[in-house]
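One structure is given here, and the rest of the page talks about it.
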Amino acid sequence: MKFGLFMQTFLKDLDKELVKCLRKIEQADVGVFEKAAEASAVLENVFRELKGYVSEYRFKNEEEEIEFFKEMKPMFFSLLIYYRKVYDIELNRPFGVIAQQEYLQREMEEINRFYARHADFLRYYRSGETYLDARCYLRGEEGVPFYVEAHQYDRDEAFSTNCDSCVAHILAYERLTGFLDRELKALQQQQTDHSQVRMTWNGTKTELYELLYALDSCKMFGEVPLTQLAGYISTVFNIELDRNMSRTFGDMRIRNQQTPFLDSLKEALLRRMGGKSRKK
């Protein structure tokens with residue numbers, strides 16, 4: 001590491017605290033969506049702290065500035081990009097195994113399109129060459145011989161170079177590819193597990209929503225996001241559920257009888273047990 005003592009100490013302390021926070025988040029007994037949301041919030045604060053420090057720091061030479069924007073800033077920024085992307089993916093994930101597989105494959109394709117757009121820079125970056133590093137990683141440089149995203153022209157020039165954002169996205173997408181691959185394999189396994197027995201829900205969607213919300217309210221599967229639980233139930237019972245669950249829940253709340261299906265389940269079970277059903 002070529003940084004001066006103050007910058008080196010600051011970066012080590014920042015990285016140490018970040019690793020500690022992220023480890024705690026990843027080990028928490030919550031779903032991927034909640035982890036991504038919390039990690040994103042932590043990384044936003046870290047990134048602001050990093051930007052604030054650099055705005056008042058004077059690099060001792062070009063070599064130090066290049067190393068910061070080539071390696072250190074992308075390392076922190078890539079984590080923020082990754083967790084924000086995971087958050088967006090989980091937020092918009094559809095129900096049903098097939099729909100989720102298609103959705104995640106589209107995310108993979110988007111990553112490949114990014115690689116294709118930046119193929120020239122990707123080759124340069126992965127080759128280990130350094131002859132263009134000054135034009136890529138020094139602030140205020142122009143005429144970089146690589147494709148630059150349109151939003152780069154509106155960047156903060158005091159905290160940005162031509163290519164540090166591209167490096168951060170490369171690192172983030174490498175990590176994201178691993179996440180998507182694991183999720184696709186899990187869906188494939190889920191599809192295999194249910195291929196032997198395929199049972200279809202014969203009730204209405206509204207009745208299934210009653211059961212879904214009851215299971216979620218009692219946390220019968222732990223701290224699983226409602227959308228994830230809905231996707232699982234949709235797959236198991238071979239029925240497509242609507243995405244606008246909040247509206248369905250609102251309609252259920254204003255009904256004269258809020259839980260007719262759950263009430264009927266109780267009545268049917270009591271009859272089977274030989275007990276007396278409650279008269280209304």
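The values are calculated or read from the model by the stated rules, or taken from the named source; none is laboratory data. Note that the structure is predicted; figures quoted are calculated from it, not measured. Quick reminder, even Gly has a Cβ in these numbers, built from the backbone with ideal geometry, and neighbours come from all protein chains shown. Heads up: the accessible areas ignore ligands, DNA and RNA and are worked out on the full protein's heavy atoms, side chains in. Shrake-Rupley method; radii C 1.70, N 1.55, O 1.52, S 1.80 Å.
Listing for the model above:
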{"quantity": "From Glu142, Glu102, residue being among the charged types (D, E, K, R) and under 17 Å from the mean Cα position of the chain (by Cα)", "calculated": "Glu102"}
{"quantity": "Hits in the stretch 206-217 - residues which are of a type in the set (D, E, K, R) and either within 26 Å of the chain's Cα centre (by Cα) or not in a helix (DSSP H, G or I) (or both)", "calculated": "Asp216"}
{"quantity": "Qualifying residue in the stretch 23-34 (condition: within 30 Å of Lys205 (Cβ to Cβ) and of a type in the set (D, E, K, R))", "calculated": "yes"}
{"quantity": "Cβ pairs under 7 Å, 6+ apart, first in the stretch 22-38 and touching a residue at least 60 places away in the same chain (Cβ under 8 Å) and within 16 Å of Leu229 (Cα to Cα), second of a type in the set (A, V, I, L, M, F, W, C) and open to solvent by 50 Å² or more (accessible area, probe 1.4 Å)", "calculated": "Phe33/Leu91"}
{"quantity": "Members of the stretch 147-157 found to be part of a loop (DSSP other than H, G, I, E, B) and at pLDDT below 80, listed by number", "calculated": "Tyr147, Val148, Glu149, Arg155, Asp156"}
{"quantity": "Lone qualifier among Tyr115, Tyr124, Tyr83 - being open to solvent by less than 60 Å² (accessible area, probe 1.4 Å), touching a residue at least 12 places away in the same chain (Cβ under 8 Å) and more than 23 Å from the chain's Cα centre (by Cα)", "calculated": "Tyr124"}
{"quantity": "Residues (assigned to a loop (DSSP other than H, G, I, E, B) and surrounded by 11 or more Cβ atoms within 10 Å (Cβ to Cβ)) located in the stretch 218-270", "calculated": "Phe221, Val224, Pro225, Phe237, Asn238, Ile239, Glu240, Leu241, Asp242, Arg243, Gln258, Thr259"}
{"quantity": "Some residue of the stretch 52-67 being within 18 Å of Leu176 (Cα to Cα) and of a type in the set (Val, Ile, Thr)", "calculated": "no"}
{"quantity": "Selection status of Leu176, within 20 Å of the chain's Cα centre (by Cα) and in contact (Cβ under 8 Å) with a residue 40 or more places away in the chain", "calculated": "yes"}
{"quantity": "Residue that is farthest from Asn244 (Cα to Cα), among those in the stretch 189-217 that are open to solvent by 90 Å² or more (accessible area, probe 1.4 Å) and modelled with pLDDT of 80 or more", "calculated": "Gln189"}
{"quantity": "Meets criteria (open to solvent by 30 Å² or more (accessible area, probe 1.4 Å), among the small types (Gly, Ala, Ser) and under 30 Å from Gln105 (Cα atoms)) for Ala186", "calculated": "yes"}
